[in-house]
Amino acid sequence: MTATATPAREGAARSRPDLGKSALPFRRRFANRGMTVLIAACLLLAILPLGLVVYEVVSRGAGVMSLEFLTADIPRNYRREGPGMGAAVVGTLVITGMAALLAIPLGVMGAIYLNEYGKQSALARFIRTMADVMTGVPSIVMGLFIYVTWVLAIGEKNGFGGALALACLMLPIVIRSSEEMLRLVPDELRQASAALGARKWRTIVTVVLPSAISGITSGSLLAVARAAGETAPIIVTVGIAFAANPDLFDGGNTTLAAQIYRNASLTFAGAQDRAWGAALTLIAIVLLFTIIARLIAARFALKER
Amino acid sequence: MTVNVRGKVLPLLAASALALGVAACGGGDSADDAGNTGTSDLSGELTASGASFPDAYYQVAIEAYAEVAPEVVINYNSTGSGTGKKEFGEGLTDFAGTDSLVGDDDPVEPGSFLYVPTVAAPITVSYNLPGVEGLQLGQETLAQIFQGDIETWNDPAIAEANPDAELPDTPITIAHRSDGSGTTTNFTKFLDEATESWELGSGDVVEWPSDSQGGEKNTGVASIIQQTEGAIGYVDLADATGSELVFAAVENADGEFVMPSIAGTTAGLEGAEVAEDLSYNPLNAAGADAYPITAPTYILVRTSYEDPQTAELVKAFLTWLLTDGQALAEDEFFAPLPDSLAEQALAQLDKIQS
């Protein structure tokens with residue numbers, strides 16, 4: 001501080017030195033301006049695809065969007081024009097919801113084990129490696145795995161099979177992201193808690209988890225968003241439904257992603273409109289969940305100061 | 001799932017249904033309902049998957065059936081014949097739709113199922129060649145096009161049959177099914193039986209020339225044709241018409257060039273010989289009006305169902321499909337069965353044990 005302050009004070013005594021950008025040599029000013037422009041251009045380029053996707057989906061999907069579109073049955077005859085994605089909206093909510101219910105508690109508890117108990121033990125290292133491997137398993141493989149172990153075993157395609165497949169996909173993401181978040185909680189907090197006489201489980205529940213909750217929520221949301229958009233495992237495990245079927249254990253089901261795939265591959269105008277509408281609905285649902293989860297996380301998080 | 005089968009139905013159906021014992025009170029729990037006059041209130045759920053070829057008709061029929069039996073939910077998943085047979089064999093579905101017969105490769109146990117023919121329809125040879133309509137294709141030419149021997153549209157073999165058409169030198173893109181498909185079976189079976197040049201054999205999956213394009217289900221092939229100039233492919237009439245594709249007149253057994261139509265299909269059906277298991281082959285049937293690539297389509301049902309109520313539901317739906325349901329076929333570009341075959345199919349349902 002003093003080193004930089006001294007010349008300034010001296011300068012003030014004489015004439016104030018010019019510290020503005022114009023005082024820099026032309027080459028440096030040029031490089032600075034050039035780099036700023038370049039970085040801004042990169043930013044634009046990066047958000048361009050995002051913007052285009054949103055623009056395209058909204059402009060094509062908004063036309064068919066209506067309350068009826070969100071609630072009406074899917075037309076059996078794909079050639080027909082007009083609304084209906086109710087079955088898929090319900091299916092997406094219950095299947096993804098059930099998958100989240102299965103994967104998030106399990107994943108967070110797994111992460112707590114890894115970071116608080118297992119640490120660098122052989123078992124913990126093994127689980128960590130397996131979770132990393134599982135993250136890379138293609139979703140269709142998970143779908144086929146559930147098809148063989150669940151669908152064939154119970155002899156029916158239903159929503160729960162889809163939820164299981166999605167849960168398998170979400171689990172490794174939840175475990176790894178939650179563990180990273182728990183690792184960021186400073187050890188001082190744990191030691192302080194222990195010094196006050198709290199047991200280990202109490203420390204975890206009241207100190208560690210609340211400190212990391214915001215990050216855990218983000219990680220879990222990422223997993224939910226990924227699961228909601230999965231098509232392949234859904235197609236092989238849940239079958240089909242045209243009317244809303246909130247029962248996960250009886251009868252076929254369908255999701256928005258599966259319906260986008262189904263309808264977009266058809267040549268009929270009505271089906272393609274429905275596919276765009278379904279895409280818009282899916283984006284809106286994911287966005288809505290992100291906002292809700294952020295609000296919840298903000299409520300439970302320890303206040304930073 | 002509560003299944004409550006009493007006895008219901010449409011006056012038209014009642015007679016035949018009774019005769020077949022279909023209206024029998026399978027559920028039994030409320031069969032003694034005094035006000036019950038032989039009509040049934042069926043309820044329950046049927047799961048089915050299979051052929052995409054008759055999907056358009058089945059979906060319309062299922063929708064119409066919902067007005068007859070409002071408590072019955074039927075979900076037919078258009079997955080292609082191959083997947084349909086597989087899921088049926090694995091016990092995931094109550095019945096399957098298929099355009100091809102069950103082969104040795106299909107995981108369906110012989111003797112555990114019955115064929116129930118439902119409707120038939122022409123397979124169009126659709127193409128995308130702006131400015132060229134009413135193309136006429138000979139059988140040998142068709143075989144050579146689809147195995148890649150003829151590579152451009154202005155090939156002399158095509159030009160010979162179409163003296164008036166201005167054929168461009170656009171390369172031909174073959175569009176075919178990528179999934180296991182009964183449509184592929186019927187189309188290749190036609191080429192295999194009718195022509196000498198066809199060398200690729202026939203089946204649900206065929207080894208197409210390497211520069212061809214595969215699409216999923218009939219609608220997938222339709223979309224390839226729609227988007228690719230110079231493409232040619234085989235698509236069912238309903239999807240080809242729905243996708244506004246242009247299709248060719250194909251040379252039939254009598255040497256006439258016939259456009260695909262319901263009338264041409266019916267003409268083809270009449271010339272077909274029906275086997276004992278009710279499979280039949282209307283391909284390349286004789287008759288000047290017969291469209292040569294006419295495909296049958298079947299529903300596979302089990303000879304016995306674990307749940308007797310499922311058996312009742314399947315019987316009731318198929319009975320309706322083979323009687324009143326046939327009237328819906330033509331509007332969806334499918335040909336209803338000739339009366340004699342429909343009767344045989346109804347009799348086939350009797351063999352389902354419950």
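Summary table
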| quantity | calculated |
| --- | --- |
| Protection proxy ranking, peptides B:146-155, A:30-39, A:163-172, B:291-300, average beta carbon neighbours within 10 Å, highest first | B:291-300, A:163-172, B:146-155, A:30-39 |
| Residue-wise HN-Hα coupling along segment A:254-265, computed from phi with Karplus coefficients 6.51, -1.76, 1.60 (Hz; x: Gly, Pro) | 7, 10, 4, 4, 5, 6, 4, 4, 4, 7, 5, 7 |
| Chains A and B together, accessible area buried on both sides, 1.4 angstrom probe, square angstrom | 2100 Å² |
| Rounded percent of accessible protein surface that carbon and sulfur make up, chain A, 1.4 Å probe | 70 percent |
| 5 angstrom amide H check on residue B:152, placed H, neighbours 5+ away | B:172 |
| Other-chain or far-sequence residues with amide H under 5 Å of residue B:46's (modelled H) | B:73, B:74, B:75 |
| Mean-position separation - Cα centroids, segment B:303-354 and segment B:58-91, in angstrom | 13 Å |
| Solvent-accessible area, 1.4 Å probe, carbon plus sulfur percent, for chain B | 46 percent |
| Solvent-accessible ranking of A:80, B:302, largest area first, probe 1.4 Å | A:80, B:302 |
| Segment A:115-167 and segment A:41-84: distance between their alpha carbon centers, rounded to Å | 31 Å |
| Selection of chymotrypsin sites (Phe, Trp or Tyr not before Pro), segment B:167-215, meeting DSSP coil and at most 15 other Cβ within 10 Å | none |
| Note, ³J(HN,Hα) from phi for segment B:235-240, Karplus 6.51, -1.76, 1.60, rounded to Hz, x at Gly and Pro | 9, 5, 4, 4, 6, 5 |
| Other-chain or far-sequence residues with amide H under 5 Å of residue B:176's (modelled H) | B:213, B:214, B:215 |
| Helix-only mean residue ellipticity at 222 nm for the protein assembly as shown, each DSSP H run of n ≥ 4 adding -39500 (n - 2.57), per residue, nearest 500 | -15500 deg cm²/dmol |
| Neighbourhood charge, 14 Å Cβ-Cβ cut-off, centred on residue B:258 and excluding it, Lys, Arg +1 and Asp, Glu -1 | -4 |
| Estimated vicinal HN-Hα couplings, Hz - segment B:45-51 in sequence order (Karplus 6.51, -1.76, 1.60; Gly, Pro = x) | 9, 10, 10, 8, 8, x, 2 |
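The values are calculated or read from the model by the stated rules, or taken from the named source; none is laboratory data. In this text the structure is predicted, and so the values were computed from the model without any measurement. Every residue, glycine among them, receives a Cβ derived from its backbone with ideal geometry; neighbour counts consider all protein chains shown. Surface accessibility is based on the protein's heavy atoms, side chains included, excluding ligands, DNA and RNA. Shrake-Rupley method; radii C 1.70, N 1.55, O 1.52, S 1.80 Å.
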